[in-house]
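Down below is the structure, laid out as structure tokens.
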């Protein structure tokens, strides 16, 4: 059976199977080699994401599992923070999570998902550090993208007219603080990370090139995420071009004796 | 946990997560409601697809299943025949399967996948007809698309130059015979079907509008498949807009008392 790659995050993950989306591109790249499982929750911050953890990585449901798969993924991307970084006192205050709590929530998410991976691997509950478990599951923390404040304001005016917010609900500077916290935490836990906030800002005109409403990604923005994720996966030996097909390539099947190819590959 | 929708087929299914692909569009439509599982095998005919059946619908692996999910899908699309219809005596003869065998192979695929669904539902092996099982899994047979013979020849010349085939390896007329066989079998078994071969030819200029190389789909061709599949799913009460989210929509979460929304939805 194919391994799973889980994409866990907010709307930027939830939308990632739209045309040109980074999730769909990953699923296409790993076609016949791994299944890409979409777990994107639009509007969620890390505080709310914690409520989902024991459903996504179900420690207690290892057997009799008609309700779903219990095998640990080979890789999980954790792409949260864009909503945590919504400013207190502005229109999206409800989603705001202080940066210290954001880091601690991310830590819990990494530790719980990694423990699930270890549990499935060893069949015992063992208290372990992420490093000890790293061979069983690749975790990639992705920072929120940068914010184009002008783009956010334009979008708000187009959508809400006169009722639009008069001050942006997110700023690039504050989101940068969350991105920094995410990268620091990844270093501390010894898991891989992608600093999307920095990466996108290396390109002139990133505001309109990569962001369609100052926050969510254009097709080109999706391409950046896809390329960065594939790069990290390759560095961690999860290279699609080197992974086996789940069943024989059609060119390996002898038209007159097809069972031979399946006997060799499927036993 | 979310239900699964399995897409089983050949290259037209395997490619369906490319930009604008019908599989990715389905995954996006059912986002947070069902998981779309891609099982496309480029170049495969129904004879070879039979070798995969007990892996895709594993009757004997109901328990202790670290290797994958055993829950039956809520829906499976079976989209095969484009390779079976390759002509004997031409360059793709290796893939050719006579139309009578194509029908019998399709019948086995429907019966085996439906038996799996029933087995999981009742926890016993019960010999049943597809009709008796239909509430547990929706099966949709999709015919191959029409063939643009001129497009196939152009593609061959572009790809192989002077070594290109001099006669098309598939004809629209012959593929139409397979499409007819597929639709008749669906009627006989009482499962739903999409006559893509006929549907596409209702539109003027279908040859270039829907097919990029005389056989595989353009973005517009993908859109036709997506719309037809969604239509059949809706008729069978598998309408994404009426299915519940797996977890609360973010607007339902009280920022000051978030656990309330999760207690209501996740117990």
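The values are calculated or read from the model by the stated rules, or taken from the named source; none is laboratory data. Fair warning: this is a prediction, and the values are worked out from it, not measured in the lab. Quick reminder, even Gly has a Cβ in these numbers, built from the backbone with ideal geometry, and neighbours come from all protein chains shown.
Restricting to region A:237-257, name every residue that is more than 18 Å from residue A:25 (Cβ to Cβ) and either in contact with a strand residue (DSSP E or B) (Cβ under 6 Å, 6 or more places away or on another chain) or crowded, with 18+ Cβ neighbours inside 10 Å (or both). If the condition is that a residue be more than 18 Å from residue A:25 (Cβ to Cβ) and either in contact with a strand residue (DSSP E or B) (Cβ under 6 Å, 6 or more places away or on another chain) or crowded, with 18+ Cβ neighbours inside 10 Å (or both), then A:246, A:247, A:248, A:250, A:253 are the ones that fit. Residues considered: A:51, A:17. Of these, the only one that is modelled with pLDDT under 95 and closer than 27 Å to residue A:92 by Cβ is A:51. Does residue B:214 fit the bill of being surrounded by 14 or more Cβ atoms within 10 Å (Cβ to Cβ) and on the phi > 0 side of the Ramachandran plot? Against the criterion (surrounded by 14 or more Cβ atoms within 10 Å (Cβ to Cβ) and on the phi > 0 side of the Ramachandran plot), residue B:214 qualifies.
Of the residues B:233, B:262, B:247, B:226, only one is in a helix (DSSP H, G or I) and more than 22 Å from the chain's Cα centre (by Cα); which? Lay out the reasoning, then the answer.
Numbers: B:233 fails: more than 22 Å from the chain's Cα centre (by Cα); B:247 fails: in a helix (DSSP H, G or I); B:226 fails: more than 22 Å from the chain's Cα centre (by Cα).
It is B:262.
Any residue in region A:24-33 that is facing chain B (nearest Cβ under 9 Å), buried (at least 19 other Cβ atoms within 10 Å of the Cβ), under 13 Å from the mean Cα position of the chain (by Cα) and within 17 Å of residue A:212 (Cα to Cα)? For region A:24-33, residues facing chain B (nearest Cβ under 9 Å), buried (at least 19 other Cβ atoms within 10 Å of the Cβ), under 13 Å from the mean Cα position of the chain (by Cα) and within 17 Å of residue A:212 (Cα to Cα): absent. Given the criteria in contact with a strand residue (DSSP E or B) (Cβ under 9 Å, 6 or more places away or on another chain) and closer than 29 Å to residue A:73 by Cα, does residue A:262 qualify? Taking the combined requirement at face value, the residue does not satisfy it.
Is it the case that some residue within region B:173-185 is modelled with pLDDT of 95 or more and part of a loop (DSSP other than H, G, I, E, B)? Checking region B:173-185: not a single residue is modelled with pLDDT of 95 or more and part of a loop (DSSP other than H, G, I, E, B).
Of all residues assigned to region A:64-73, at least one qualifies as being at pLDDT 85 or above and either in a loop (DSSP other than H, G, I, E, B) or under 23 Å from residue A:173 (Cβ atoms) (or both). For region B:230-267, how many residues are away from every other protein chain (no Cβ under 11 Å) and touching a residue at least 40 places away in the same chain (Cβ under 8 Å)? Number of matching residues: 9.
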